[in-house]
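Q: Have a look at this one.
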Amino acid sequence: MPNYRRPRVAGATVFFTVCLARRGSTLLTDEIRILREAVQVTRDRRPFHIDAWVVLPDHMHAMWTLPEGDSSYSQRWGAIKARFSKNLRLAGRAPEAAPLSVRGGVNPALRKGETGIWQPRFWEHHIRDREDYERHLLHCLTSPVKLGLADSAVDWPYSSIHRDRRAA
């Protein structure tokens, strides 16, 4: 198994893509209240700034800025994913687990005793400069349009674009 090495830059701004194990699911938007609660509890315990966030049916994109002196985004994502999964089970709404096997062997989502709701790990990109920030912000906010889920970014209800429009 590969040993993933993630950069540890305190106070960094980082873009993420986090996916469900079962692509094509609508779990994240169906259970948006439970997801929001998991994010809020995690932020209360380990603060971070949300620059942008869009929740899509089976994955989400987020851009966070960590506090000065803190580089622990992996722990935050682990907490969000665990809280979401646990609260789904407690509410009696845990989905069917991802298939036990996929092409080429065991589904990697089920390693290490995971529930099968999430893909293990996530994709991250450290923002390098203002242009990179704007490009990833735009990607985050326009994803529902690119995926054909909405006609415009403001039509998608699960996006930080609504928070940002209220603040303007």
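Computed from the coordinates by the stated procedures, all read-outs in this text should not be read as laboratory data. It should be emphasised that the depicted structure is a prediction, and the values quoted were computed from it without experimental measurement. Please note: Cβ atoms are built from the backbone with ideal geometry, for glycine as well, and neighbour counts cover all protein chains shown.
Q: How would S152, S72, S160 line up from fewest to most surrounding beta-carbon atoms within 10 angstrom?
A: The most exposed by this proxy come first: S152, S72, S160.
Q: A follow-up question, please. Could you line up E68, E37 from fewest to most neighbouring Cβ atoms inside 10 Å?
A: By the 10 Å Cβ count, ascending: E68, E37.
Q: Enumerate by residue number the chymotrypsin sites (Phe, Trp or Tyr not before Pro) in segment 1-91 meeting two conditions: DSSP loop (anything except H, G, I, E, B), and at most 14 other Cβ atoms within 10 Å of the site's Cβ.
A: Answer by residue number: Y4.
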